[in-house]
Amino acid sequence: MSQELQTKQDLLTSQTVFLNVKGQIHDQNALAFKKSIFSIPEEKKFLVLDISSLQSLSGDGIRVFVESIKYFSKRNGKIILIQPKEEIFLLLKFLNLLNYVIVCEDYSESKEIIFRYLENTINSLMIEEKNLSFEKKNIQKTEVNRNGDLESIRNYFSNLKEQIEKINKKVEHYEEKTYNKEIFDILNLKLEEIKQSNESYLKELQIRIDSINESQESLLQMVSELKKEVQNIQNEITEIKQTSPTDQNVKKIDGFYIFHCPKCNQALRVKQWGKHLCPSCNAKLNILPDSSIEIFDSL
C-alpha cells in the first residue's frame, strides 16, 4: 500500500461516521436519531447514511431529518446517502435537501467519493506546505518592517473575520426562514389531509347512523305488528276456549267417551256420560246423552 493510499485510508477511518437507518423514523425514535447526528464529534467530516432499508418518515421524522442534515452541513461536513427508496428520494427533492447531500448506490461508491474529497484535501495541504515553505524563504531573504506587516495582516484578518460572521448570520437567518416556511407548508398539507379524512369519516359515520336509525324504526314497526298479531291470536284462543259447550261433541270409542275440555282444551276420556271434573283446570263438566258438553258451577 502506497503512502498516499495509507494516508487516505487513515483519514477515512478517523473522519467518517457510518450509520445504517432501517424501518421508519417516527415520533417515538425521531429524538434518538437527532441525538445520534448532533453528538458526532467535530473532527468527523463525513457522514454516510445507509437508508436503503428506510421505509418512510412521519411528520416529526421529516422535521428531525431536515434539522440533522442541515446541522451537519453547517459544520462543513459531507453527507452521503446510500440507495434511498423512490419515495424518500422524492421527499428529499421536494424539501430541497439534494443540495445538501450526495446520493450513491453502495458503500464502495461512498468510499470512492470520500477518497476523492480526501485526495483534494491532501493535494491542498501539500500546496499550502509548499507555499508556506516558499513564503518562509522569501521572508528570510527580505528585510521588511515585520511589526508593521504583522499588524496589517492582523487588521486584515480581523476585518475579514467580522465580514464572514455577518455573512454567516445572514445565511443562517435566511435558511431558518426558508426552513420554517417549508415546515409550515408541510404541516399545512398534513393538516388539510387530516381534515379531509375526518370529514369523509364523519360523513360515512352519519350515513351509517341514519341507516341504523331507519333499520331500528323498521324493526320497531315489525315488532309492533307482531305484538298485534300475537294479541289477535290470544284473543282467538280465548274465544275458542269460551265457545259454547254445545259446539263440542263427544265421541264414543271402545266404550269410552272421548272429548276435550271446553275450558283448557285438555283431552279427556270417561266411561259414562254424566257429570265429571277436569283434572287439568278443575272445570265442572256435564256430558249429555246427545254427545254435547256443558260447564256448570257445581257437581
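Which order do peptides 67-75, 105-113, 36-44 fall in by mean Cβ count within 10 Å, highest first?
67-75, 105-113, 36-44
Leaving out ligands, DNA and RNA but keeping every protein chain, what accessible area does Ser211 have, in Å² rounded to the nearest 10, with a 1.4 Å probe?
60
Classify the stretch 59-106 as rounded, prolate or oblate, taking a ≥ b ≥ c as the square roots of the eigenvalues of its Cα gyration tensor: rounded when a/c is under 1.5, otherwise prolate if a/b is larger than b/c and oblate if not.
Here the stretch 59-106 falls in the oblate category.
Label the stretch 14-65 by shape, choosing from rounded, prolate and oblate, from the square roots a ≥ b ≥ c of the eigenvalues of the Cα gyration tensor; if a/c is under 1.5 it is rounded, and otherwise prolate applies when a/b is larger than b/c, oblate when it is not.
The shape class here is oblate.
For the stretch 1-115, what class follows from the C-alpha gyration tensor (a ≥ b ≥ c being the square roots of its eigenvalues): rounded when a/c is under 1.5, otherwise prolate if a/b is larger than b/c, else oblate?
Taking the square roots of the gyration eigenvalues as a ≥ b ≥ c, the stretch 1-115 is prolate.
Taking 26 Å as the cut-off for C-alpha to C-alpha distance, list the pairs among Lys8/Lys44; Lys44/Lys161; Lys35/Lys78; Lys228/Lys251; Lys34/Lys111 that go past it.
Listed pairs above 26 Å: Lys228/Lys251.
On a C-alpha basis, how far is the centre of the stretch 189-236 from the centre of the stretch 267-299 in Å? Whole number, if you could?
Rounded to whole Å, the Cα centres lie 56 Å apart.
The values are calculated or read from the model by the stated rules, or taken from the named source; none is laboratory data. Bear in mind that the values here come from a model prediction, so they are computed numbers and not experimental data. Note that we place each Cβ from the backbone using ideal geometry, even for glycine, and neighbour counts take in every protein chain shown. The accessibility values were calculated without ligands, DNA or RNA, using every heavy atom of the protein model including side chains. Shrake-Rupley method; radii C 1.70, N 1.55, O 1.52, S 1.80 Å.
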